[in-house]
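In what follows, a structure is listed as structure tokens, so that the remarks can point back to it.
Please treat every number below as a calculation from the coordinates, not as lab data. What you are looking at is a predicted structure, and each value in this text was computed from that prediction instead of being measured. With ideal geometry, Cβ positions are generated from the backbone for all residues, glycine too; neighbour counts draw on all protein chains shown.
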């Protein structure tokens with residue numbers, strides 16, 4: 001009988017080849033099975049590692065995209081704020097040329113049409129308490145950026161404050 005590994009002549013019924021040292025028979029099949037199982041497990045581990053690396057890569061890409069979106073949102077908010085400030089500056093410069101009694105009349109009409117939240121602030125402004133009125137108008141605008149009455153009240157308050165100095 002020949003050894004299936006080294007092809008040398010061996011005794012019939014031998015469990016191990018004395019030339020190459022390989023086991024023969026059932027133990028040989030067991031060893032081959034364990035080798036195949038080890039190879040299969042190595043392949044599974046490699047594929048799993050590649051999958052995890054891919055997921056990590058995708059996570060980093062998503063995090064970078066999220067960061068870019070956040071930066072863009074901050075940039076846009078900054079630009080909107082700058083535009084609003086410029087609009088306020090332009091409005092103030094125009095209103096500074098309007099006579100005081102007209103501004104007071106506008107403020108009085110806003111006061112009469114104001115809701116319960118804005119009315120006390122207009123009252124403070126009408127009583128020439130400009131600094132607290134400005135602070136309160138800014139709080140209202142911060143809470144609700146679309147509150148046009150509070151925005152106009154802030155502008156009127158600033159103009160009247162400048163004229164009363």
Whole-Å semi-axes of the ellipsoid equivalent to the range 98-156 (Cα gyration tensor, √5λ, descending): 17, 12, 11
0 to 90° range, to nearest 10: angle between helix 148-163 axis and the chain longest Cα axis: 50 degrees
Efficiency of FRET from Cβ geometry, residue 62 and residue 162, R₀ 45 Å, rounded to 0.05: 0.35
Relative contact order of the range 10-165, pairs being alpha-carbon contacts under 8 Å that are 6 or more residues apart, as %: 16 percent
Compactness index (Cα Rg / 2.2 N^0.38 Å), the chain: 2.74
GNM result for the chain, Cα springs below 10 Å: residue of 63, 14, 150 fluctuating most strongly: 14
Full-stretch length increase - residue 116, residue 49 - with 0.36 nm per residue and alpha-carbon distance subtracted: 17.7 nm
Pair residue 29, residue 143: separation of 7 Å Cα→Cβ label points (nm): 8.4 nm
Value of relative contact order over the range 96-165, rounded to a whole percent, pairs C-alpha under 8 Å and six or more apart: 35 percent
Gaussian network model of the chain, springs between alpha carbon atoms under 10 Å - residue of 30, 154, 92 with greatest fluctuation: 30
Among 36, 106, 55: highest mean-square fluctuation, GNM of the chain, C-alpha pairs under 10 Å: 36
Mean ellipticity per residue at 222 nm, deg cm²/dmol - from DSSP H runs of n ≥ 4 across the chain, formula -39500 (n - 2.57): -26000 deg cm²/dmol
Gain on full stretching of the segment that runs from residue 100 to residue 135 - 0.36 nm per residue minus C-alpha separation: 10.4 nm
